[in-house]
Amino acid sequence: MGLAIPLVLTACGSGEKKDPPSPVKFYASSSDGKVEHSIYLCELDPQTESIAVLDSFAGAVGPSYLAVSPEGNTLYTVDNRSVDPENKSQSVNAFRIKQEDLSLTYLNNQSSEGRGPCHVYASQAHLFVANYSSGHATSIALASNGELALPTAAVSAEGS
């Protein structure tokens, strides 16, 4: 299961009376490739110590790893679909986050240049992907609207 928290604000204890903590919304995902709506918008209520699923979204197959852009307006996920039959590369996805309700809109998909994408990290200009099965690390350029552009570098590990 993947987990991404777009924004979390916490108060440090200082002995003064504080308002009760507010609920926190976050994304979780399922690595089960058979689940159609595999990304979930959830809410943690610290007062009741409960988690509720608020919505679910389609567009990714087995998105076990998630990353929110530094600006908080794009969600990136790994995807278990094969995009290149020859080398069996799998892919990553981009979703626009609607700030009003945190709903997701699918943007696009790009090859991870490897097999078994197992981690994603988003910077201002690139998405970095680690591919477990093939041992590749890939850098994918990000367009100004958050869409995935072409990979800019793919490095393969040597040895075992």
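Sequence gap at least 6, Cα distance under 8 Å: using those rules, report the relative contact order of the chain to the nearest whole percent.
On the way: 416 pairs, mean separation 22.7, N = 160.
Once normalised by length, the contact order is 14 percent.
Tell me the label-point distance for the pair residue 58, residue 144, using the 7 Å Cα-to-Cβ offset, in nm and rounded to one decimal.
Computed distance between label sites residue 58 and residue 144 equals 3.3 nm.
How fast does the range 65-160 diffuse by Stokes-Einstein, in µm²/s, taking the Kirkwood radius from C-alpha pairs at 20 °C and 1.002 mPa s? Before the final figure, lay out the partial values.
Working: Rh = 13.2 Å.
Reported coefficient: 162 µm²/s.
Please compute the contact order of the range 28-91 in relative form: average sequence separation of alpha-carbon pairs under 8 Å and at least six residues apart, divided by the residue count, as a percent. Show your work: numbers first, answer last.
Values: 122 pairs, mean separation 16.9, N = 64.
Rounded, it is 26 percent for the range 28-91.
Could you report the chain's accessible area per residue, 1.4 Å probe, as an integer in Å²? Present the calculation step by step, with values, prior to reporting the outcome.
Numbers: 9160 Å² over 160 residues.
Accessible surface, normalised per residue, equals 57 Å².
Compute the length gained on full extension between residue 22 and residue 133: take 0.36 nm times their separation in residues and subtract their Cα-Cα distance, giving the result in nm to one decimal.
Details: separation 111, 0.36 × 111 = 39.96 nm, distance 4.04 nm.
Gain on stretching residue 22 to residue 133: 35.9 nm.
Compute the distance from the alpha-carbon center of the range 33-67 to that of the range 120-157, in whole Å.
So the two Cα centres are separated by 23 Å.
Expressed in nm², what is the orientationally averaged projection area of the convex hull enclosing the Cα positions of the chain?
Values: hull surface 46.8 nm².
Hull-based average projected area comes out at 11.7 nm².
In the chain, what percent of the accessible surface is made up of carbon and sulfur (1.4 Å probe, ligands and nucleic acids excluded)? Can you show the working numbers first?
On the way: 4800 of 9160 Å².
Answer for the chain is 52 percent, counting heavy atoms of protein chains only.
Normalised by the empirical 2.2 N^0.38 Å for globular proteins, what value does the Cα Rg of the range 109-160 take?
Values: Rg = 10.9 Å, N = 52, 2.2 N^0.38 = 9.9 Å.
Ratio of Cα Rg to 2.2 N^0.38 Å: 1.10.
The values are calculated or read from the model by the stated rules, or taken from the named source; none is laboratory data. Only a predicted model underlies this, so the values are computations on that prediction, with no experimental measurement involved. Positions of Cβ are backbone-derived with ideal geometry, glycine not excepted, and every protein chain shown enters the neighbour counts. In case anyone asks, the SASA skips ligands and DNA or RNA and just uses the protein heavy atoms, side chains included. Shrake-Rupley method; radii C 1.70, N 1.55, O 1.52, S 1.80 Å.
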